[in-house]
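See below for the structure under consideration.
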Amino acid sequence: MYAYWSKCDPLTSGQVEKSDQLLPFFSLNLFKDYPGVTGLVISSVFSGSLSTVSSGINAMSCVTMEDFIKPNTKWSAKTYNYISKGLVVVFGVLSIAMAYLASQLGAVLEAALSIFGLLGGPLLGLFTLGFLFPFVNSLGAAVGLLCGIVVPTWIYVGSKTYKPLPQFIRKLDFDTSGCNFTFDATVSSPVGTSSYPPIASFYSVSYIYYSCYGFATVLVIGIVLSLLTNGWKNRNEVDPKYLYSILDHWIFGWLPEKAKSWSRCGVDRTVEEEDATIYKNRCEINSMHDTEMKGQDGVENLSNLPGSQTQI
């Protein structure tokens, strides 16, 4: 699109008002001589987005039903079915409200990625704490998650209050010399940055990095607070089978056990290995028992065949 409008930028010339309108406008110009093709392109975009939204709404309804409603109630299956359908409607209305809110926040893509970064990064940090750090307790995880949401939200609000500085935006050059129509070329003068506080430069960070800030905040706050609240002393109370250490992979089998133990924060895996051995033995015993039962069933079937009694 940038090459197509290299001599006549639609935003600068006023042909479109927002960057979200560039793709439909591009389709209209590119396929103007082919009736129906523009509608096909737009419908493909909407069908892809609606399929993602519908699956997300169904997933949220299912999770809410299984994790929050069913464990605390004892209703009939018919009641749960009605509630599940009602939750789909509720989440659908919330999605419409969020779509309206996103339209007021500027570009839809920027708003969507910003919201995802505000929540997705901290959640990834929370799961990382649970997988890799056995000494992290519930207090550290909860406070870390809260701080991980607050920090990128603070940056997002700051970016809306103090618009990013030009040196951080780095937009490509736009040209309107090739436009074959007249338009108002008045460009609004940028707001003076002399009144910006020094922290405004920090607010100019790209919205793509919001999730990274949230992820890092959860890890730092969760680890530090857990260590300060005796989390290291209680690390052996965690079941080792719920932990994961990348150094336990067979690729790193050449590493000494001391290094692997350091990556597990000193948690002993003897219990986990014993449980795995017991489970393996049980599987072998069950397999042998099934084989014996099949053998007995085969003998009984042979004895029931016509003439088998006479031969015996």
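The values are calculated or read from the model by the stated rules, or taken from the named source; none is laboratory data. Worth saying up front: this structure is predicted, and the values here are computed from it rather than measured. In this analysis, Cβ positions are derived from the backbone assuming ideal geometry, glycine residues included, and neighbour counts consider all displayed protein chains. Accessible surface is based on the protein model in full, side chains and every heavy atom, while ligands, DNA and RNA are left aside. Shrake-Rupley method; radii C 1.70, N 1.55, O 1.52, S 1.80 Å.
For the range 60-134, which trypsin sites (Lys or Arg not before Pro) are both in a DSSP coil and crowded by at most 13 other Cβ atoms within 10 Å?
Loop-located and lightly packed - K74.
Order M65, M60 by their accessible area, 1.4 angstrom probe, all chains in place, largest first. Kindly include the intermediate steps, with their values, before the conclusion.
Numbers: M65 10, M60 85 Å².
Descending order: M60, M65.
Could you give the size of the charge dipole of the range 27-143 about its Cα centre, using +1 on the Cβ of each K and R and -1 on the Cβ of each D and E, expressed in debye and rounded to the nearest 20?
Working: 5 positive and 4 negative charges, 81 e Å.
Dipole of the range 27-143, to the nearest 20 debye: 400 debye.
Please work out how much length the chain gains when fully extended from F252 to D175, using 0.36 nm per residue of separation minus the C-alpha to C-alpha distance, in nm with one decimal.
Values: separation 77, 0.36 × 77 = 27.72 nm, distance 5.52 nm.
Taking F252 through D175 to full extension adds about 22.2 nm, to one decimal.
Would you mind calculating the gained length between K160 and W262 on full extension (0.36 nm times residue separation, minus the Cα-Cα distance), in nm to one decimal?
On the way: separation 102, 0.36 × 102 = 36.72 nm, distance 4.39 nm.
Value of the extension gain: 32.3 nm.
What is the percent carbon and sulfur in the accessible area of the range 1-115, measuring with a 1.4 Å probe over the protein chains and ignoring ligands?
Working: 5350 of 7810 Å².
Ligands and nucleic acids excluded, carbon and sulfur reach 68 percent.
For the range 56-72, just list the computed ³J(HN,Hα) in residue order, Karplus coefficients 6.51, -1.76 and 1.60, θ = phi - 60°, integers in Hz, with x standing in for Gly and Pro.
For the range 56-72, the Karplus-derived couplings read x, 5, 4, 5, 5, 5, 5, 5, 4, 5, 6, 9, 10, 8, 4, x, 10 Hz, x marking Gly and Pro.
What is the range 1-103's relative contact order, in percent, from Cα pairs under 8 angstrom and six or more apart in sequence?
It comes to 17 percent, rounded to a whole number.
With the Cα gyration tensor of the range 46-171 giving a ≥ b ≥ c as the square roots of its eigenvalues, does the rule (a/c under 1.5 for rounded; else a/b larger than b/c for prolate; else oblate) give rounded, prolate or oblate? Could you put the intermediate results ahead of the total?
Numbers: a/c = 2.73, a/b = 1.31, b/c = 2.08.
Oblate, because a/c is 1.5 or more while a/b does not exceed b/c.
Indicate the gyration tensor shape class of the range 7-57 (rounded, prolate or oblate), computed on the Cα atoms with a ≥ b ≥ c the square roots of the eigenvalues: a/c under 1.5 is rounded; otherwise a/b larger than b/c is prolate and the rest oblate.
Values: a/c = 4.56, a/b = 1.56, b/c = 2.93.
Oblate shape, in that a/c is at least 1.5 and b/c is the bigger or equal ratio.
Among the lysines, which fall within straight-line cross-link reach of K18, defined as a Cα-Cα distance under 23 Å, with same-chain neighbours fewer than 8 residues apart omitted?
Candidates past the 8-residue exclusion: K7, K32, K160, K163, K171.
With a 1.4 Å probe and every protein chain left in place, work out the accessible area per residue of the range 1-160 in Å², rounded to a whole number. Mind dumping the intermediate values first?
On the way: 9910 Å² over 160 residues.
Per residue, the range 1-160 has 62 Å² of solvent-accessible surface.
At most 16 other Cβ atoms within 10 Å and a DSSP loop assignment: could you name the chymotrypsin sites (Phe, Trp or Tyr not before Pro) in the range 33-93 that fit?
Values: sites: F46, F68, W75, Y80, Y82, F91; in loops: W75.
Passing sites in the range 33-93 are W75.
Counting other Cβ atoms within 10 Å, keep those with at most 14, restrict to DSSP loop, and tell me which trypsin sites (Lys or Arg not before Pro) in the range 115-174 are left. Don't skip to the answer; put the middle values down first.
Working: sites: K160, R170, K171; in loops: R170, K171.
Within the range 115-174, the qualifying trypsin sites (Lys or Arg not before Pro) (loop, at most 14 other Cβ atoms within 10 Å) are R170, K171.
Under 1.5 on a/c is rounded, so check that first for the range 73-140, then, if it is not, pick prolate when a/b is larger than b/c and oblate when it is not; a ≥ b ≥ c are the square roots of the alpha carbon gyration tensor eigenvalues. Intermediate results must be reported in sequence, preceding the final value.
Numbers: a/c = 3.97, a/b = 1.09, b/c = 3.65.
Cα axes put the range 73-140 in the oblate bin.
Nearest 0.05, what FRET efficiency do E66 and I42 give at R0 = 41 Å with Cβ-Cβ as r?
Between E66 and I42 the formula returns 0.65.
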